[in-house]
1. Looking only at the range 1-43, which residues are more than 24 Å from the chain's Cα centre (by Cα) and charged (D, E, K, R)?
2. Pick out the one residue from 261, 201 that is in contact (Cβ under 8 Å) with a residue 60 or more places away in the chain, touching a Gly at 6+ places or on another chain (Cβ under 9 Å), of a type in the set (A, V, I, L, M) and surrounded by 20 or more Cβ atoms within 10 Å (Cβ to Cβ).
3. Only residues that are within 24 Å of residue 390 (Cα to Cα) and assigned to a helix (DSSP H, G or I): list them for the range 16-31, please.
4. Restricting to the range 18-43, name every residue that is at positive phi and surrounded by 19 or more Cβ atoms within 10 Å (Cβ to Cβ).
5. Which residue is nearest to residue 261 (Cα to Cα), if the candidates are limited to the range 44-76 and must be in a helix (DSSP H, G or I) and among the small types (Gly, Ala, Ser)?
6. When residue 623 is evaluated against the numbered criteria (1) within 21 Å of residue 292 (Cα to Cα); (2) in contact with a helix residue (DSSP H, G or I) (Cβ under 8 Å, 6 or more places away or on another chain), which criterion, by number, is the only one it fails?
7. Quick one: in the range 58-99, of everything that is touching a Gly at 6+ places or on another chain (Cβ under 7 Å) and among the hydrophobic types (A, V, I, L, M, F, W, C), which residue is surrounded by the fewest Cβ atoms within 10 Å (Cβ to Cβ)?
8. With respect to the numbered conditions (1) within 17 Å of the chain's Cα centre (by Cα); (2) crowded, with 22+ Cβ neighbours inside 10 Å, which one is the sole condition not fulfilled by residue 415?
Amino acid sequence: MMTPELGVCYYPEHWDEAVWKVDAQRMAECGLTWVRIGEFAWSQLEPEPDRMEFDWLDRALDILGSAGLKVILGTPTATPPRWMLDKWPDMLPVGEDGRMRRFGSRRHYCFSHRGYLSECRRIAELLGRRYGQHPYVHAWQIDNEYGCHDTALSYSDSALEGFRIWLQQRYQSISALNRAWGNAFWSMDYDSFDQIELPNLTVTEPNPAHTVDFRRFSSDQVVAFNKVQVDALRPLTDRPLLHNYMGRQLGFDHFRTGRDLDIAGWDSYPIGFLSDRLDASESDKLRFLRQGDPDCQAFHHDLYRAVGDGRWWVMEQQPGPVNWAPWNPAPLPGMVRLWTWEALAHGAEAVCYFRWRQAPFGQEQNHAGLLRPDGAPAEALAEAKKVAEELSELDPLQPIQAPVALIFDYESAWVIDTQPQGADFSYFGLVFDAYRALRRAGLSVDILSPDAALDSYRLVLAPGLAVFGQNLKARLAEHSGTVILGPRTGSRTPNVSIPLPLPPAVPGLDCQVDFVESLPPASRIPLEGGGSFIRWAESISGAASAIIRTESGHPALAGSQSLAYLAGWPDHGGWDRIIHWACESQGLEAHSLPQGLRMRDTAQYQFVFNYSPETTEWNGLRIPPAGVMRHPHRQKADGT
């Protein structure tokens, strides 16, 4: 159990050295204890090949550390300097359209380029040798936001060379690959691995097995890229290593990347995500314009807690308007405090605000910080200071296991993205809708990888788990709680073909999917008793009992209180019925929370958060807009 802390992102290379000491003192006075630096500073550290300039960073570390701040030092590999392109002109990523991207922003590298990989190993080693045991460096961040700006996939010559080697190692023979991919379809057989191209620029859609294998390969390249720097730093430092992942980034397997790190970080921008990355209704976008979606930030907290095996931080917390979304409103007063407390209630060890001082130059001039460019306080500074004061008055928060598990699988996301079958069907959207329903019921949720232990969860949901391994099938079939599968669970083999016997093919669940259909936005299939299927519906048969039916009498949820299959994508009303049925089956208390009100349990407290723009009354509580309330858990008669 650790006392959570607050921090901030800082760029000393952007400011005259005369302000460094003042900034450091002000950070400490506000109750901040962590400061992240260096992740974009390669050209300042190495202005010419092999000419290192560490003196400015030495001075920055001494000033920050002397003020009592703990430094997170970033490896600067997300922004290679311009001279790097003179040395490796083919290191730039290539888009799906076949066009090479240019220098002039950031993330201008291909994960598969061996020459650039060697440069990243070199700079990590140089930094590790100089700062690995530095008294003020307490953690390391490797690179920055893998996959940002659609860079997890690169269609470069380096990627093609690596992909062919990857395929040869995976399949051993070209005949085995032809069988696995089903290349008899449309006469797509290959005579050698050298004939295989990347799955872009085809006349129509490429073979889905080809596409998904390229997604697997590309994910492996991210994992390997990260591991090169991990392996360079591990012998040189005993400080924790982390990466700052992004929201709704499915380009690579974060669970596999996280195995090589000590902590999972992520960058939380609730208002930006609502405008830019969520399939929210226009009415919800207006209602939560200045607060962000009530569930998006929490979903990623729970996901990255799993990626970090329990250890996770918010590396960048939105403090005000951002610069990158289609529209960038300011947060409702109190929301920066709410976002911070919600992260802490979900188990964050640290929350770092982005950034200390708003930049007066470059691409992020309109991105707010805790200070304005002139050094005057911005609106969020007082809220960050208030959280620091509140934290100092509390005992350390102790996370607890939630009663509900939601399985999340990156490979299934790639399969469904490759063959969505409906223009608005996304794996993330399906899983997120299930998560939202659990949160509307007032439940705390643990998001887990398909490999995670499930034994002590009373309710397990696995929607959209397209690739469904036999080991997980057996574990779910034997689970002592309630398990809800589907839709699309078990719908594809690892080679992206329809399995036989037909899905879901789970022991103890006598049903099979006979056919599927996708539904346009205006179409709904009503359910008996309320709610509807939207976007997706399946026709299932078998002896499994119908728990919920469509109005036309077809099974919508079939099985038992132990194991059930959901044969479509429910709307909010449908999801709420299903979650309340499952909670009743397990004796879990399920609420019907007012719109925008959310809860999270720790060992000591139940936290309540109000995302609504108005005061909300519930269960004897009167919670103002952006309000955060906590109260000790009420004991039941048995003392639990």
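The values are calculated or read from the model by the stated rules, or taken from the named source; none is laboratory data. Because the structure is a prediction, the values reported are computed rather than measured. Note: ideal-geometry Cβ built from the backbone for every residue, glycine included; neighbour counts use all protein chains shown.
1. Residues satisfying the conditions are 13, 16, 17, 21, 23, 26, 29.
2. On the way: 201 fails: surrounded by 20 or more Cβ atoms within 10 Å (Cβ to Cβ).
Step by step, each of 261, 201 is checked, and only 261 is in contact (Cβ under 8 Å) with a residue 60 or more places away in the chain, touching a Gly at 6+ places or on another chain (Cβ under 9 Å), of a type in the set (A, V, I, L, M) and surrounded by 20 or more Cβ atoms within 10 Å (Cβ to Cβ).
3. The first filter runs over the range 16-31 and keeps only residues within 24 Å of residue 390 (Cα to Cα), leaving 23-31.
Selection gives 23, 24, 25, 26, 27, 28, 29.
4. Narrowing the range 18-43 to residues at positive phi: 31, 38.
Of everything in the range 18-43, just one residue is at positive phi and surrounded by 19 or more Cβ atoms within 10 Å (Cβ to Cβ), namely 38.
5. Pass one, the range 44-76, residues in a helix (DSSP H, G or I): 44-45, 55-66.
Then drop every residue that is not among the small types (Gly, Ala, Ser), which leaves 60, 65-66.
Numbers: 60: 26, 65: 24, 66: 28 Å.
Going through the qualifying residues, I end up with 65.
6. If we test residue 623 against (1) within 21 Å of residue 292 (Cα to Cα); (2) in contact with a helix residue (DSSP H, G or I) (Cβ under 8 Å, 6 or more places away or on another chain), just (2) comes out false.
7. Applying the first criterion (touching a Gly at 6+ places or on another chain (Cβ under 7 Å)) to the range 58-99 yields 71, 73-74, 76, 88, 91.
After this cut, where a residue has to be among the hydrophobic types (A, V, I, L, M, F, W, C) as well, the list is 71, 73, 88, 91.
Numbers: 71: 26, 73: 27, 88: 18, 91: 22.
Selected residue: 88.
8. (1)
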